[in-house]
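**Student:** If you scroll down you'll find the structure; I have some questions about it.
The values are calculated or read from the model by the stated rules, or taken from the named source; none is laboratory data. Please read all numbers here as calculations on a predicted model, not as lab measurements. All Cβ positions, glycine included, derive from the backbone under ideal geometry; neighbour counts span all protein chains shown.
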Amino acid sequence: MAEQFDVAVIGAGAAGMMAAAVAGQRGRRVVLIDHAEHLAEKIRISGGGRCNFTNLQAGPANYLSDNPHFCRSALSRYTPRDFLDLIERHGVRWHEKHKGQLFCDDSAQQIIDLLVAECAAGGVAWRRPCRVGEVARDEAGFSLETSLGRIEVASLVVATGGLSIPKIGATDFGFRLAKQFDLPLVPLRAALVPLTFAAADWAPFAELSGVSLEVEVSGGSGKRRGHFREDLLFTHRGLSGPAILQISSFWSPGEAITLNLAPDTDLAEALLAAKPGNKQQLQNALAQWLPRRLAEHWAAASGYAGRPLADMPDRTLRELAQRLNAWQLVPAGSEGYRKAEVTAGGVDTRALDQKTMMAKAVPGLFFVGEVMDVTGWLGGYNFQWAWASGYSAGMAA
Ligand code: FDA
């Protein structure tokens, strides 16, 4: 005997819980299914345990997609202010960190608890841990074979997220289901991820591991081009920190990224102006603008470490300054889905309705959250997409 519901949501992460709660509170009989032992692990570990749950500036310009206008409708129907109202109703205290990024004062667990409470308010039935096998469709709706029995529903919301962090339950379920229903996919790639270099290329920089500084970074090509001013972190294998995570979403293999290590200073101008009669050693001069370890590294690399600034040929100073203000590097790759915060690409939104998130060719089948080809910048934008797309589908499913 199959159990009957109006709506099944597969994936009880950010987008799935939001969609289930909203549909349930509209009076729909909802079942929420997840295969993981622990609920919403990605929310729990997000934002260093404090969940950067939205960004006040969230708008279409903060998202990458092959169909860039798709996200506009959902983002305007459920805004950062709407989510703030929700968390304030639940008494969750929050603060703004920087650039509109909002975090919990206490713990990301509070966001999970409030979503569970919203699901309870909508009478949502839980099935977890529960594996979903075959999904079939007929005129009446969808039939799901699960490890806890067969479930029949009129609407199916797929909220299984992307491929990042497989060890806490990420799967390709949503992408396989899209293929089963002949929906197109935009190729997947790890995004918001540290970038790596060939061991031999990186050997001279490995000693800088741990150095961090604010930089300007740019990269990408064509319509997918990004420019950010954020912190950079040197690691043993390459580069990380918010600046690199941001640009990684725009980067394609083989392309260079450009770093300005002293974004407030035209170093050629500053060094040439300081040079006449200057007995200061090069690394000490550079340390006015760069962290000391970096200044020492670049002075050594130029072959003039320990020499007075006044001794340096203008041309050498200019070349050094040019490398520091516009350092071009070609990463060999990224740390991959093991370390990526998100998966870019996914279900092609051209096949979905922008108001409801429903597949145009498959009435009753909805996709929400990261499984779709909508990828936010670092800084709370991905959760805002989960809330907004989850809300839109929850209102329609
Ligand atoms: P999510 O991945 O949250 O949920 C998918 C759910 O589906 C999971 O519960 C999973 O178990 C379940 N599932 C998968 N396959 C299944 C299957 N076959 N059967 C049943 N269930 C299945 N974003 C942000 O805005 N601010 C932040 O601070 C952070 N911080 C952050 C830190 C780290 C370390 C990571 C990895 C990611 C972030 N993010 C973030 C990104 C953010 O976590 C992500 O974009 C959202 O969680 C996506 O929400 P979804 O609900 O779409 O997927």
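**Student:** Anything in the range 341-397 that is in a strand (DSSP E or B), within 17 Å of Leu75 (Cα to Cα) and either under 11 Å from the mean Cα position of the chain (by Cα) or within 11 Å of the ligand (Cβ to nearest atom) (or both)? List them, or say none.
**Tutor:** Matches in the range 341-397: Phe367, Met372, Thr375, Gly376.
**Student:** Name every residue in the range 144-171 that is of a type outside the set (A, V, I, L, M, F, W, C), closer than 10 Å to Ala8 by Cβ and either away from the ligand (no atom under 15 Å from the Cβ) or not assigned by TED's automatic domain parsing to the domain that holds Val368 (or both), in order of residue number.
**Tutor:** Here is the first cut: in the range 144-171, the residues of a type outside the set (A, V, I, L, M, F, W, C) are 145-147, 149-150, 152, 155, 160-162, 164, 166-167, 169, 171.
Going one step further and asking which of them are closer than 10 Å to Ala8 by Cβ, we end up with 146, 152, 155.
Those that are of a type outside the set (A, V, I, L, M, F, W, C), closer than 10 Å to Ala8 by Cβ and either away from the ligand (no atom under 15 Å from the Cβ) or not assigned by TED's automatic domain parsing to the domain that holds Val368 (or both): Glu152, Ser155.
**Student:** OK, next. How many of the residues in the range 51-78 are surrounded by fewer than 19 Cβ atoms within 10 Å (Cβ to Cβ) and either of a type outside the set (S, T, N, Q) or part of a loop (DSSP other than H, G, I, E, B) (or both)?
**Tutor:** The total comes to 11.
**Student:** Does the range 285-295 contain any residue that is among the basic types (Lys, Arg), within 16 Å of the ligand (Cβ to nearest atom) and under 34 Å from the mean Cα position of the chain (by Cα)?
**Tutor:** No; the residues of the range 285-295 include none that is among the basic types (Lys, Arg), within 16 Å of the ligand (Cβ to nearest atom) and under 34 Å from the mean Cα position of the chain (by Cα).
**Student:** To continue, here is another question. Of the residues that sit in the range 35-84 and are acidic (Asp, Glu) and within 13 Å of the ligand (Cβ to nearest atom), which one is modelled with the lowest pLDDT? Steps first, please.
**Tutor:** Step one: list which residues in the range 35-84 are acidic (Asp, Glu), which gives 37, 41, 66, 82.
In the following step, the residues that additionally are within 13 Å of the ligand (Cβ to nearest atom) were identified as 37, 41.
Details: Glu37: 94, Glu41: 97.
Looking at residues that are acidic (Asp, Glu) and within 13 Å of the ligand (Cβ to nearest atom), I get Glu37.
**Student:** Looking at Thr265, Thr258, which one is of a type in the set (Val, Ile, Thr), within 23 Å of Ala300 (Cα to Cα) and assigned to a loop (DSSP other than H, G, I, E, B)?
**Tutor:** On the way: Thr258 fails: assigned to a loop (DSSP other than H, G, I, E, B).
Going through Thr265, Thr258 in turn, just one is of a type in the set (Val, Ile, Thr), within 23 Å of Ala300 (Cα to Cα) and assigned to a loop (DSSP other than H, G, I, E, B): Thr265.
**Student:** Out of Leu114, Leu86, Leu102, which single residue is surrounded by 15 or more Cβ atoms within 10 Å (Cβ to Cβ), in a helix (DSSP H, G or I), touching a His at 6+ places or on another chain (Cβ under 8 Å) and touching a residue at least 12 places away in the same chain (Cβ under 8 Å)?
**Tutor:** None of the other options fit; the residue is Leu114.
**Student:** Shifting gears a bit: Just one of (1) at pLDDT below 95; (2) of a type outside the set (Val, Ile, Thr); (3) out of contact with any strand residue (DSSP E or B) (no Cβ under 9 Å at 6 or more places or on another chain) trips up Gly306, so point out which.
**Tutor:** It fails just one condition, (3).
**Student:** Still on this structure, I have one more. For Ile43, all conditions in the list (1) over 20 Å from the mean Cα position of the chain (by Cα); (2) part of a helix (DSSP H, G or I) hold save one; what is the number of the exception?
**Tutor:** In the conditions (1) over 20 Å from the mean Cα position of the chain (by Cα); (2) part of a helix (DSSP H, G or I), Ile43 misses (1) alone.
**Student:** Now a separate question. Of the residues that sit in the range 205-224 and are outside any loop (DSSP other than H, G, I, E, B) and in contact with a His (Cβ under 8 Å, 6 or more places away or on another chain), which one is surrounded by the fewest Cβ atoms within 10 Å (Cβ to Cβ)?
**Tutor:** Step one: list which residues in the range 205-224 are outside any loop (DSSP other than H, G, I, E, B), which gives 205-206, 212-221, 224.
Then keep just the ones that are in contact with a His (Cβ under 8 Å, 6 or more places away or on another chain); that gives 205-206, 216-218.
Values: Phe205: 19, Ala206: 14, Glu216: 19, Val217: 26, Ser218: 16.
Once the filter is applied, the top-ranked residue is Ala206.
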